[in-house]
Amino acid sequence: MFDSLSKNLQGLFKKLSGQGRLSESNIDEALKAVRLALLDADVHFQVVKDFLEKVRAKALGAEVVSSLNPSQVFVKVVHDELVELMGGAGRRSLNLAPLPPSVILMAGLQGTGKTTSSAKLARRLKEDGQRVLLVAADLSRPGAVSQLKTLGDGIGVEVIQAQGTEAPAALAKRAREEALTRGFDILIVDTAGRLAIDDALMNELKELKAGVRPHEVLLVIDAMQGQDALETARRFHEAVGVDGLILTKLDGDARGGAALSALATTGKPIKFVGMGEKTEALEPFYPERMAGRILGMGDVVSLVEKVQQTVDEEKARELSAKLHKDKFDFNDFLEQMQQISKMGSLTDIMAMMPGMGALKAKLPENLDESRIKRFMAIIRSMTAKERRLPQIIHGERRKRIASGSGTRVEDVNTLLRQFEQMKKMMKTMKKGKRGFGIPGMSIPGMPFGS
């Protein structure tokens, strides 16, 4: 997300760092570059205009402390305004009823990922200890009901479906009564979408809203919509009222301007972001953390949270002991790759590491998730002895491993070379030298944490 914006802004700040002080002329020059970077990221021109006016006013009034250079001061101003543009510091929690059930109405155009987001949100709330019920009220799109049922079964959440010719509003109202009598905490209603906004869609949503009286209306926006996201957000907000946004497909969007435009249009906060297809790939949105990622400052807090969610502390301690004894083998390497895969995209992980944003662009091959899967297949094709003693893997063994894993001998050789590089890196780390990494984890093809 925001890859082009991040790259352009970081280049600007590097250029500005050579200036002796902040002046009106170099601020104006910098703002021109910021303007181009934001427009290139597909942020709406009016949003850009308002943003630059605020940045200029604050930058002109900013004092350059002796310990800071103009670039650092300007970065802080831009960072603070990005945070404000994205809703202010902290995250916005869901509006839940004082007495259950709380009703959440999911709205959005067809193809934005609304049904998947409904299941993702249900999973997150269930993991938070809530009893959740899903309602398949999208009766327009073929396959929508069965899709939600499949997703619900996968996360262990019940899905209420229409009976006979039951209309969406009647279905949602019945589901609300059932949630109340059966003691559910939250009811999530997946509604119909269209390829474009029309009166039929809006009337159906208005009828649904009147029938179930939701405590939260979440608009699902595809981050790859670009400028269309602004008009979509405006029309939905005017018609049914929006309490918050869920932005989807951020893992596949290089620009991300839709996020800033949609938020600025509705004045409603982004509450969650979708970072992949899996049902666990829904994250709370923290404006200050995202601003840090855009400006290349990283997002250590989110990184630590991801590690805590996926890394077994006891296994991490065992791994640390092995590292110090130089007994790290392919069994350990396989376990590390499995844990990294659970954390999501390697590109996203690197974006959370301070100073790694620029490096990731130089290492595209090392960030290829398919390469991780290939390495895992190769290790699984090894015998128990070969995993423990990589030094015995020669000639015929390499051919057998490649054949068994559906890879090439060259791939096996690459993995073995990387493993040896890791061993050398660990010896360096034992002498007190450290590189970038994740506590308790190693990323293949990169410097490693301990």
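The values are calculated or read from the model by the stated rules, or taken from the named source; none is laboratory data. Everything quoted here is computed from the prediction, not taken from an experiment. Glycine also receives a Cβ, built like all others from the backbone with ideal geometry; neighbour counts cover every protein chain displayed.
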Quiz item: Between a first residue in segment 136-155 that is closer than 15 Å to LYS278 by Cβ and a second residue that is part of a helix (DSSP H, G or I) and of a type in the set (D, E, K, R), which pairs have beta carbons less than 8 Å apart while being 6 or more apart in sequence or on different chains?
Solution: ILE155/ARG123; ILE155/LYS126
Quiz item: Within segment 79-92, which residues are at pLDDT below 80 and surrounded by fewer than 17 Cβ atoms within 10 Å (Cβ to Cβ)?
Solution: GLY88, ALA89, GLY90
Quiz item: Tally time: how many residues in segment 202-232 are among the basic types (Lys, Arg) and either within 28 Å of the chain's Cα centre (by Cα) or at positive phi (or both)?
Solution: 1
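Looking only at residues in segment 103-131 that are among the polar types (S, T, N, Q) and in a loop (DSSP other than H, G, I, E, B), which one is surrounded by the most Cβ atoms within 10 Å (Cβ to Cβ)? I'd like the intermediate steps shown before the answer.
Residues of segment 103-131 that are among the polar types (S, T, N, Q), as a first pass: 110, 112, 115-118, 130.
Now narrow it down to the ones that are in a loop (DSSP other than H, G, I, E, B): 110, 112, 130.
On the way: GLN110: 16, THR112: 26, GLN130: 16.
Of everything passing the filter in segment 103-131, THR112 is surrounded by the most Cβ atoms within 10 Å (Cβ to Cβ).
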Quiz item: Out of GLN163, GLN147, which single residue is farther than 16 Å from GLU280 by Cβ, buried (at least 16 other Cβ atoms within 10 Å of the Cβ) and in the same structural domain as GLN225 (by TED's automatic domain parsing)?
Solution: GLN147
Quiz item: On the given criteria, is GLU386 modelled with pLDDT of 50 or more, surrounded by fewer than 17 Cβ atoms within 10 Å (Cβ to Cβ) and among the charged types (D, E, K, R)?
Solution: no
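Would a scan of segment 61-78 turn up a residue that is under 18 Å from MET290 (Cβ atoms), outside any helix (DSSP H, G or I) and at pLDDT 75 or above? Reasoning before the result, please.
Pass one, segment 61-78, residues under 18 Å from MET290 (Cβ atoms): 75-78.
With outside any helix (DSSP H, G or I) added as a condition, the list becomes none.
The answer is no; no qualifying residue exists.
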Exercise. Could you list, in sequence order, all residues of segment 380-408 that are in contact (Cβ under 8 Å) with a residue 24 or more places away in the chain, more than 35 Å from the chain's Cα centre (by Cα) and in a helix (DSSP H, G or I)?
Key: GLU386, ARG388, PRO390
Quiz item: Hey, any hits in segment 21-39 for a residue that's at pLDDT 80 or above, within 21 Å of LYS271 (Cβ to Cβ) and buried (at least 19 other Cβ atoms within 10 Å of the Cβ)?
Solution: no
